[in-house]
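The values are calculated or read from the model by the stated rules, or taken from the named source; none is laboratory data. Computed from a prediction, not measured in an experiment: that's the story for all the values here. Reconstructed Cβ throughout: ideal geometry from the backbone, glycine too, with neighbour counts over all protein chains shown. Calculation scope for accessible area: heavy atoms of the full protein, side chains included, ligands and nucleic acids excluded. Shrake-Rupley method; radii C 1.70, N 1.55, O 1.52, S 1.80 Å.
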Amino acid sequence: MKKKGLLLLLGLAMTLCGCQKGYTMEEMQQSLLSMKGYEAEAAITRITDHGSHTYDTKQYFEMETGRYRLEMVGPAEVAGNYTLYDGQKVYQYNPRTGSDAAFEVSPDQARNELFLGQFVKNYLQSEHVSMASAPLEQTQAVILEAVIPGEYAYTATEKLWLDTATGLPKKLVLYDQEGQERYVVEYTSFTYTDTFDEDIFLPEVRQE
């Protein structure tokens, strides 16, 4: 779906939440479509057939290049681990073992679905999208849904909750082909930004 289609759907959603106090869909629409990048703190829950695990993280994402950084903050046994993409390679680092690894990746590899920037790209490209309004804690949310390209078994569709009180993303959920939740990203802080410290997207330099 092209950007025009997204504008039409977001315009329709204004009728769903226009009576609520806070940010309008027009304002949230502008933030999403003009997003250069963002940084956030988020709890990521990975759900498998055997249970679930939740990790506290910091995220950085740049729209134009697709560069990202995902830092593990908790629990303690994984704190300090990070994964980053510098535009050419994916790097993973574990400070406890001192081990790191770099991987060449193809441009279309599904490697960044846990980031809001990828949701926006998927939403713009989806032929089938949906929108709804629903209560969210003490406020109201607009829910956007998109299809994840690639026919991956565990990441098939996704939904984004936008909080009309703050105008910011609140939750992102990825579903498998059976419609079961597989990843839940709950944002505890979120900031749109158009500038980053370049060191964020550089791997740590280890002293030999």
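For a label point 7 angstrom out from the Cα of Asp49 toward its Cβ, which stretches of the range 140-184 have the backbone nitrogen within less than 15 Å? Of the residues in the range 140-184, 153-155, 176-182 have backbone N under 15 Å from the label point off Asp49. For a modelled paramagnetic label at Glu27, 7 Å from Cα along Cα-to-Cβ, the residues of the range 163-177 in reach, with backbone nitrogen under 11 Å, are 164-168. Ile148 contributes about 10 Å² of solvent-accessible surface, heavy atoms of the protein only, 1.4 Å probe. In plain terms, the chain from Lys36 to Thr166 could stretch by 44.9 nm, reckoned as 0.36 nm per residue minus the Cα-Cα distance.
Hey, any idea what % of the range 135-204's accessible area is carbon plus sulfur with a 1.4 Å probe? Solvent-exposed carbon and sulfur of the range 135-204 make up 46 percent of the total.
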